[in-house]
Structure formats: C-alpha cells, structure tokens
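Quick notes on the structure that follows.
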Amino acid sequence: MIRINENYLKLKASYLFSEVGRKVSLFQKDHPEADIIRLGIGDVTKALPPSIVEAFRRAVDEMGRDETFRGYGPDHGYDFLRKAIATHDFQARGAGIEADEIFVSDGAKCDTSNIQELFADDLVIAVPDPVYPVYVDSNVMAGRTGAWDDGRYGGIVYLDSTEENGFVPEPPAEPVDLVYLCFPNNPTGATATKEQLERWVEYAKRHRALILFDAAYVSFIRDERIPHSIYEIEGAREVAVEFRSFSKVAGFTGTRCAYTVVPKDCGVWDRSGNRYELHTLWARRQTTKFNGVSYPVQRAAEAVYAEAGQREVRELSDYYLENARIIRGQLAALGYASVGGENSPYIWVKTGMDSWEFFDLLLREACVVTTPGIGFGMCGDGYVRISAFNHRDRVTEAMERIRKVLVRG
Ligand code: MLT
C-alpha cells in the first residue's frame, strides 16, 4: 500500500500565495468586469533589460549551431557566472567568497526549501514571525515540527518581529541549531544593521548553529550602511549560508536563475561530534538531484554584471522603489503607519483590523490585491503587505482606489 508522508497532513491546506490566488480567482469569476490590480505576490512586471536580452539571444544562437552547442553544463554553474558573482557581489564589498563556493540554481525558493534535507530530523529551528512561508513549510514536510496549533507549529522557536523591535529579532535566549534570516525582509521590508547581524553570527558560533541568510532583495538597499551580505560580518563564513536570486534583481521571475553560497569553512556535525564540510554535502546533494540552469539563462545572468547590465538593473530597482515611495506616501497621508519600502520593494502596513478582513475590503471595494500579514505568521495579524512590483500607472491607480475606500471608512 502506498502510504502518505503524514507530515504533509500537518500543513495548512494551501500555500499562502495559492490561497490568495484562489480568492482572487473567485472574486474575478463573480465580477468578470472588475479590473483587478495585483500588489500581492512579489512578481516583477518590467521587461528584461536590453543588454540582458541581447546576451540571452546570443547564447540561444550558440545553442543553434553544432560548433557552439552545449549539452549538460558544469554541475554547479558555468565558471563565467560563478566568477562574476564572486567578484561583483562579494569581493567588491570586502566579503571573501570564492567562485567555487557559489552554486548556481533555478531559484532561492527551491534552495531555501531543499537545504534542510542535509540536517538531522531532531534539530531545533528558529524562524522570525512573520516569515516567508517556504522556510517553515519545508521543515513541516520533513517532519521537523509538531502539529499546527493555534497559528503556530509545535517545536519551532518563533522569533517575534514586531513594532517594538523594529521588526528585527534578536537571537533567542535558548540555543537553537538552525536559524532562518531574511534581509531586506520579506514580508516586512525591514533591514538589519551590521551590529544586529554581528550578534547573530556570534550566537551561531557560540551554539555551533547555522544561519540560512536569504538576501533575495539585496538590490533594493540604498542605505550604504546596511550590509548587503552576511559575509560582510567577520566570522560569518563559518556559520552562514547565503541565498541570492536574479528574480527581483534583474526581472528573472519567469527566466529562473539564482545562487546559493556555501563557504568551505561551514561545518556540520554528526552525533559523535565529527565535523563535515557543508560545502561537500550540498555539492553531493545538487549533483544527485539537480541538473543545472540552462546555458542561455546563465549567459543572461552574467550580463547583469557588465557595465550596461549594472546600469539597467539599477534602473529596474529604482523604478520599483519609486512605486514603493508612492505607496508609502499615500498611506501616510491617509494616517496609516507602515514600514519597509525604503530599502525593499515591500511595504508592511498596520491595518487596524484583522488582516484577511482588510485584504477582503481592498479586493472587494478597490479591486486591489495585497497579501494578508497573518499568512506570514501570527505577528503579521493586523498587517497587510503591499508589493511595489507593478507598472507605475497601475500603482498610482491602485493607491487612488485605496484612498477612496479608506477615506469612506
Ligand atoms: C513573495 O511574494 O513573497 C515572493 O514572490 C515569493 C517568492 O519569491 O517566491
């Protein structure tokens, strides 16, 4: 008899963004004439920049000629891309990461959810609350948590991220083994200072814990005092893995390219206290289960680091940040407190009511889709997340509609 992995039965019925999508489809079915504006899931809307499309096209042409055709690529990504990443994203900022510590992949979502399979079942994990649901759900699927009970899973250490701590949690008093951090944060848009990250690195060293640091939104940082990478913190090479993605940086949500950094100094232990290199284990996992990112996509990603690419992707993030500024300004004028949107494409809005109620109100009355904060965790109740990823005219139209609804009360 084929039996189910019963951990799946612990999961909430559907993934947050699927649930939001289901509600929006139902609404659209009942109101076929409604012109819905989507500021929910963080999906980019601007086209790939020209120099990146050109690199993509050239590589497709190469694939169409026997002399330049490529079959399976190198296991962990082409050297041209791994070197460009190490040089521009890390070494240029004083973070000592080498090309062979970069693992090119098709998404930070897959990597952040897959990496947990390298670790023991009985680890104690800590996640911020609110949190990107993938970190939690992947551990639930793996059986690393108890049941869902009153808004939280048993066995997880939740790190409350609230107004009081500026949405940046401090390390917990108790020891944990695996910690997920995401800065600039999804969903709150908060950023962590160097000192805050130093305390996390120090904590991880003290407890032989590992930090999984998701930096998918790094290209939105404008305040130069904010670290772009966990490896700007001394000692982080021993205790942190970092995830990055070209999705939000360069408009690759539909093109798919990302990477994970696993420094060779990162250790992991067996129950007898023997130490293993995490880098070797992740390489082993990837060579068995992953077949790489296509050559044209890696050439397109490489083009991000050329002079034209750098200028173009900066324009992309500037564009979305201007949307974020418009959203924040309009909310402030309406008397709504919000955070994020300055070094992040997400704005975290205090609604003064239940998250789903506010979500429903904006969908019903303004035909605008947001994401209910409670979907990211208990501490998200009373908030919604508004995404700045849309065309300017759609954002201004959405904010005008929201203004009318909220002014009416
Ligand atoms: C989000 O809206 O949180 C993101 O689009 C999720 C993702 O990148 O997978």
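Tabulated values for the structure
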{"read-out": "Odd one out for Ala84 among (1) touching a strand residue (DSSP E or B) at 6+ places or on another chain (Cβ under 6 Å); (2) open to solvent by less than 80 Å² (accessible area, probe 1.4 Å)", "value": "(1)"}
{"read-out": "Out of Gly273, Gly254, sole residue that is more than 23 Å from His88 (Cα to Cα) and within 16 Å of the ligand (Cβ to nearest atom)", "value": "Gly254"}
{"read-out": "Whichever residue in the stretch 352-381 is of a type in the set (S, T, N, Q) and under 23 Å from Lys46 (Cα atoms) and, among such residues, is farthest from the chain's Cα centre (by Cα)", "value": "Thr370"}
{"read-out": "Residue check for Ile37: within 16 Å of the ligand (Cβ to nearest atom) and in contact with a Lys or Arg (Cβ under 6 Å, 6 or more places away or on another chain)", "value": "yes"}
{"read-out": "Qualifying positions in the stretch 338-350 - open to solvent by 10 Å² or more (accessible area, probe 1.4 Å) and closer than 21 Å to Lys404 by Cβ", "value": "Ser338, Lys350"}
{"read-out": "Selection count where residues are without any contact (Cβ under 8 Å) to a residue 60 or more places away in the chain and either within 20 Å of the chain's Cα centre (by Cα) or farther than 21 Å from Tyr320 by Cβ (or both), scope the stretch 382-409", "value": "6"}
{"read-out": "Single residue of Val53, Val44, Val60 found to be in a loop (DSSP other than H, G, I, E, B) and more than 19 Å from Pro133 (Cβ to Cβ)", "value": "Val44"}
{"read-out": "From the options Ala126, Ala173, Ala209, Ala142, residue that is at pLDDT 95 or above, closer than 26 Å to Lys248 by Cβ and away from the ligand (no atom under 16 Å from the Cβ)", "value": "Ala126"}
{"read-out": "Boolean, Ile226 is out of contact with any His (no Cβ under 7 Å at 6 or more places or on another chain), open to solvent by less than 10 Å² (accessible area, probe 1.4 Å), β-branched (Val, Ile, Thr) and more than 16 Å from the ligand (Cβ to nearest atom)", "value": "no"}
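Here's the yes/no breakdown for (1) within 30 Å of Trp348 (Cβ to Cβ); (2) within 16 Å of the ligand (Cβ to nearest atom); (3) open to solvent by less than 70 Å² (accessible area, probe 1.4 Å):
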| position | (1), (2), (3) |
| --- | --- |
| Arg3 | no, no, no |
| Lys23 | yes, yes, yes |
| Pro50 | no, no, no |
| Thr68 | no, no, yes |
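The values are calculated or read from the model by the stated rules, or taken from the named source; none is laboratory data. Note that this is a predicted model, so its numbers are computed, not measured. Because the Cβ atoms are built from the backbone with ideal geometry, glycine has one as well, and the counts that use them run over all protein chains shown. Note: accessible area is taken over every heavy atom of the protein model, side chains too, but ligands, DNA and RNA are not part of it. Shrake-Rupley method; radii C 1.70, N 1.55, O 1.52, S 1.80 Å.
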